[in-house]
Every structure is written in structure tokens, then in C-alpha cells.
Amino acid sequence: MSKTSIPSLIQKKQQGEKFAVVTCYDASFAQLVENAGIEAILVGDSLGMVLQGHDSTLPVSVDDMAYHTASVARGCRAPLIISDLPFGSYHSQQQCLDNASTLMRAGAQLVKLEGGAWLTDSIELLSRAGIPVCGHLGLTPQSVNVLGGYRVQGRNDDQAKHILDDALALEAAGAAMLVLECVPQTLAAEITQALRIPVIGIGAGPQTDAQVLVLHDLLGITAKTARFVRNFADGSSSIEDALCRYRNAVLDGSFPAAEHCFD
């Protein structure tokens, strides 16, 4: 399997080809993800919930993210590695640059930030510094206290327009990718069509360029999962087989199905 790059994923979008992303936090699972042919790994601050036992992502630190990013990077060669900048780590431009640099030195190839147009100056700064950025709109877990819980975003016209405008602003600022979480599938389709950069969906319907799931969710380890999750370990012969089934379902369009989407 050749090394996945940002240009190669942009080319997939241009050619109408899907790709798969999964969260991962250590070297052993990173090797299995690579063996399954999955194109990109997100070292997510979701580790705060699935590894550390917190009830949100807010307690996760930059040191936590750097440790797990380095662990993943040692376990694989081919997947593109995206690493989350955690809560409170990018409120100023200098803080954002310093912490993003830490994650890149640990092995990330992109850093992911949650938020809209207010991040454009930071994204421009990171891009000039050679640090590619993945945006994150819709349900942004680091803002769970502002949003009032883990709720679908963009269901009314004003919210939908705001999310679309933010997506266009992030792309214009230099974002190389975008994650859309828990938005109506029609809005996700509109944004995916409007952007030149790849759009990765989670609870955003089947028409995004890619899908991402939390590793522990797709393997059936998490006790309580969201509507957009499918347990790919059910009926699989191994973890690697479950990961292969996940990737194949993303590529052939059978996942997400109607029951995994929001209207």
C-alpha cells in the first residue's frame, strides 16, 4: 500500500472515489488499520472518552495527543495521520502554531481544529508554516457545553447557511480537509459539492467524500453508541476483517445506510 497524501485524497474526490478514515490511538491497532487498507487515521481527542474514561473530550491535553500520535506513527507507514488539537490548545494564533508544531513533530501529517470562520487567521498561519489543517464543523464535541449536548446541527435554514458559510471560509483560508459531524444529509451533500477539498462525514450521510468512525464504536467495544454507528465486528472473523468490512462498505456506498443518517 502506497503512502496516502493530501493530493491523493483530493484526486479521489475529483474522481468520485470514496475513502475511509478511522480513529486510532496506538501502534498495534495502527498496524491493523494499515493492513485493512484504510487510507487515513484520525488520532482523535475521543481518546478522552474511549481510553481515559472521561464523559467528554475536554480533559484531553496536548501531551496526551502527542503521546498517542507518536504511538500511531510508529505502528504504520501508509495511512495519512490526522491529529486533533484538543480543547483550549488553539485559542490564540501563537498557541495554535506552537501546539500544532508539537503534534507534527510527534508524527501527524495534518492537525484538526473544531470551529468556524473565527479560525481563518490561524488556518492561514498554519498553512504558511507548512502545517496542513483539517477543519471540523457541525457537532463540535469540544463545544458540547455551548451546544447543550450532543445534538444534530444545521437543521434549520439559518444554522445550515452558517455551517455552509463557515465551510467555505475554512477552505478559502487554506484548510486541506473538512470533517462534518451530525448534520442533515442534504446539508452535508450541499457542502461536499460546494468544496474542492475532501469532506469526511460522521453522522452526515452517504454523499460525503469519506467516512470516519471511532475505532471502539465500529468494533462494538463501546457500550452505548450513536445512531450513525454500525458494529462491523458483528459477523467478522477478526479485528482486521472488521476493519476491512468497514472500508469496503464505505467504498461501495453501503455505509452509511438510511438508518445511520439524519434528515
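The values are calculated or read from the model by the stated rules, or taken from the named source; none is laboratory data. Not measured: the values here are computed from a predicted model. As a convention, Cβ positions derive from the backbone with ideal geometry for all residues, glycine included, and neighbour counts pool all protein chains shown.
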All positions within the stretch 22-60 that are of a type in the set (Asp, Glu) and more than 25 Å from residue 198 (Cβ to Cβ): 26, 55
Within the stretch 133-162, how many residues turn out to be within 22 Å of residue 229 (Cβ to Cβ) and at pLDDT 95 or above? 4
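Each row is one residue, and each column tells you yes or no for (1) closer than 23 Å to residue 242 by Cβ; (2) modelled with pLDDT under 95.
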residue	(1), (2)
1	yes, yes
16	no, no
35	yes, no
38	yes, no
44	yes, no
66	no, no
Can you name the residue in the stretch 218-251 that is without any contact (Cβ under 8 Å) to a residue 60 or more places away in the chain and acidic (Asp, Glu) and is also farthest from residue 152 (Cα to Cα) among such residues? 241
From 180, 219, which residue is surrounded by fewer than 24 Cβ atoms within 10 Å (Cβ to Cβ), farther than 14 Å from residue 12 by Cβ and in contact with a helix residue (DSSP H, G or I) (Cβ under 7 Å, 6 or more places away or on another chain)? 219
Out of 189, 194, 175, I need the residue that is surrounded by 23 or more Cβ atoms within 10 Å (Cβ to Cβ) and over 12 Å from the mean Cα position of the chain (by Cα). Which one? 175
Please verify whether the stretch 103-118 includes one or more residues that are of a type in the set (Val, Ile, Thr) and out of contact with any strand residue (DSSP E or B) (no Cβ under 9 Å at 6 or more places or on another chain). no
Filter the stretch 85-117 down to the residues that are outside any helix (DSSP H, G or I) and small (Gly, Ala, Ser), then identify the one that is surrounded by the most Cβ atoms within 10 Å (Cβ to Cβ). 108
Exclusive hit being surrounded by fewer than 23 Cβ atoms within 10 Å (Cβ to Cβ), of a type in the set (Ser, Thr, Tyr) and not in a helix (DSSP H, G or I), set 120, 57: 57
Before we move on, is residue 129 surrounded by 16 or more Cβ atoms within 10 Å (Cβ to Cβ) and either in contact (Cβ under 8 Å) with a residue 12 or more places away in the chain or among the basic types (Lys, Arg) (or both)? no
